[in-house]
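Just below is one structure, and these are the notes that go with it.
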Amino acid sequence: MKTIKLFAGLFLLLFCLSACAQPGSKSNVADGSNAGLILPKGFAAIKLADNVGKSRHIAITPQGDIYVKQLAANGNKGILLLREEKGTGRAPIIKSFGDYGGTGIAIKNGYLYASSDVDIFRYKLDDKGVVIDPAHPEKIVTGLLERHEHESKSIVLDDEGYIYTNIGAYSNSCQEQDRVKGSPGMQPCPILDSAGGIWRFRADVPNQTYATGTRYATGLRNVVGLHWNKSTNSLFVMMHGRDQLHDLFPQYYDEKQSAELPAETMYELHNGSNCGWPYMYYDQQKHQKMLAPEYGGDGVKQGGENAQDPIVAFPGHLAPNGLLFYTGTMFPEKYRNGAFIAFHGSWNRAPEKQKGYLVAFVPFKNGKPSGDWEIFANNFAGINDITSPRQAAHRPCGLAQGPDGALYVSDDVKGAIYKITYSAK
């Protein structure tokens with residue numbers, strides 16, 4: 001009898017230890033694998049949601065709820081509201097609405113803003129951060145250009161009542177024949193009249209159009225990641241660099257150069273900024289602005305004399321889709337006011353391996369980069385030697401900061417939502 005009781009006691013003890021070790025059984029902590037991510041020491045990750053649909057940008061309410069913009073509406077589900085269940089490590093969908101797909105989503109002054117590829121809407125929030133009338137949003141901006149290339153519209157708001165959106169260039173490099181070998185660039189580039197830049201509108205005025213907006217910055221081929229930096233009170237963006245240097249001008253660039261060039265670039269923008277596309281590109285290896293081959297460049301000639309310099313340059317074709325300046329106190333001091341960038345991953349680095357599929361970090365001090373960029377979170381793709389983006393299990397897209405200082409990352413392959421936390425213990 002004593003032996004039976006002893007074995008029963010040992011069984012209960014082992015069961016308790018096993019149950020208590022399960023992720024989320026007692027508290028919202030990451031499992032031993034950190035949801036498959038590779039993170040710096042002291043950081044942990046959980047996958048709050050998975051397979052919720054191709055999730056683009058995300059926004060977090062002061063209460064900690066998660067609004068997710070879906071690439072496609074899939075019925076009346078263009079926007080999802082997820083709420084984390086304490087102690088489970090999961091955030092189920094509690095509401096869905098919006099009959100349009102898109103990328104941009106943001107929260108400001110009691111409103112949820114969201115964009116399709118042609119319009120920007122806003123919804124009034126209640127005191128709990130929940131949309132009051134999801135079926136009747138107010139249309140703030142309408143009729144934005146959408147030509148089925150670089151069509152996504154990211155959004156961000158400043159503290160003076162303005163909303164900013166990217167209007168991507170419907171071209172690789174403004175050639176007379178887009179992406180045709182040897183085709184010259186159009187001079188001047190007519191695309192810049194209505195695309196290839198950042199436009200600014202009032203955040204509270206309905207039915208604005210191009211005619212009532214302001215072209216805030218130009219010479220930006222395509223921006224998906226953008227953020228208002230409160231420490232500098234200015235707009236920062238990440239630009240996708242042009243493609244196919246070797247394919248279009250093999251006399252000047254070999255395949256390896258084309259795989260690495262040009263840089264993906266971060267800019268600090270002000271009203272009237274010109275970043276030089278399509279007439280130039282930035283070579284992160286030479287640390288120089290180069291004349292684009294469509295406009296007489298040969299890989300040697302410099303260009304862009306009147307264009308501003310990027311403040312950070314990354315390797316080519318990583319596809320930066322999210323940008324966030326961290327202002328929380330959960331992470332170590334090193335990360336305060338620094339920039340996180342979600343790299344969606346490349347498609348055109350052949351014959352080199354594809355790269356990206358990670359979240360990078362750039363330290364900032366006094367509003368300027370204060371050190372080299374580094375990989376912060378890696379292994380979203382779930383494969384080391386990736387040759388095609390179709391192989392990637394997940395691709396980072398959106399970034400958001402929670403009220404407690406946690407970092408959230410969205411994925412637009414299957415729709416995973418990651419939460420990254422830090423503990424010094």
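Ranked for footprinting exposure by Cβ neighbours inside 10 Å, fewest first, TRP199, TRP373 give TRP373, TRP199. For ARG395, the amide hydrogen comes within under 5 Å of the amide hydrogens of ASP412, VAL413, LYS414, counting only partners 5 or more places away or on other chains and with H modelled in the peptide plane.
Against the chain, whose longest principal axis is taken from its Cα atoms, helix 2-21 shows a tilt of about 20°.
Using θ = phi - 60° in the Karplus curve 6.51 cos²θ - 1.76 cosθ + 1.60, the 3J(HN,Hα) couplings for the stretch 387-395 round to 10, 8, x, 5, 7, 6, 5, 9, 9 Hz; x is entered for Gly and Pro. Phi angles of the stretch 337-348 translate, via the Karplus equation with coefficients 6.51, -1.76, 1.60 and θ = phi - 60°, into HN-Hα couplings of 6, x, 10, 9, 10, 8, 9, 6, x, 8, 10, 10 Hz per residue; Gly and Pro are given as x.
Here r is the Cβ-Cβ distance between SER33 and THR329 and R0 is 22 Å; the resulting FRET efficiency, rounded to 0.05, is 0.25.
Among GLU255, GLU374, GLU84, the ranking by other beta carbons within 10 Å of each residue's beta carbon, starting with the fewest, stands as GLU374, GLU255, GLU84. Collect residues whose amide H, placed 1.01 Å from N in the peptide plane, falls under 5 Å from the amide H of TYR100; neighbours closer than 5 in sequence don't count. For TYR100, whose amide H was placed from the backbone, the distant partners under 5 Å are GLY78. Contact order for the stretch 85-168, expressed relative to its length and based on alpha carbon pairs under 8 Å spaced 6+ residues apart, stands at 24 percent.
Summary value for the chain: 14 percent relative contact order, contacts being C-alpha pairs under 8 angstrom separated by 6+ residues. By other beta-carbon atoms within 10 Å, ranking TYR418, TYR111, TYR252 with the fewest at the front produces TYR252, TYR111, TYR418. A helix-only calculation puts the chain at -2000 deg cm²/dmol for mean residue ellipticity at 222 nm, using -39500 (n - 2.57) for each DSSP H run of at least four residues, averaged over all residues. At 7 Å along the Cα-to-beta-carbon direction for both LYS181 and GLU352, put a label point, then send me their distance in nm to one decimal. Spacing of the two 7 Å Cα→Cβ label points: 2.2 nm. When only the Cβ of Lys, Arg, Asp and Glu is charged (+1, +1, -1, -1), the dipole of the chain relative to its Cα centre reaches about 1520 debye. With θ taken as phi - 60° and the Karplus curve 6.51 cos²θ - 1.76 cosθ + 1.60 applied, the whole-hertz 3J(HN,Hα) list for the stretch 363-379 is x, 10, 9, 6, x, 10, x, 10, x, 5, 6, 9, 7, 9, 10, 9, 6 Hz, x standing for glycine and proline.
By the rule of a C-alpha distance below 26 Å, with chain neighbours fewer than 8 residues away ignored, the lysines paired with LYS86 are LYS26, LYS41, LYS47, LYS54, LYS69, LYS77, LYS95, LYS108, LYS128, LYS414, LYS419, LYS425. Using modelled amide H (1.01 Å from N, peptide plane; none on Pro or chain starts), what sits under 5 Å from the amide H of VAL156, excluding residues fewer than 5 places away? Residues meeting the criterion, in which the H sits 1.01 Å from N, are TYR164.
Loop-only check: which trypsin sites (Lys or Arg not before Pro) in the stretch 101-158 are DSSP coil with at most 10 other Cβ within 10 angstrom?
LYS128
Every number in this text was worked out from the coordinates using simple rules, so none of it is lab data. Because the structure is a prediction, the values reported are computed rather than measured. No Cβ is skipped: glycine too gets one built from the backbone with ideal geometry, and neighbour counts run over all protein chains shown.
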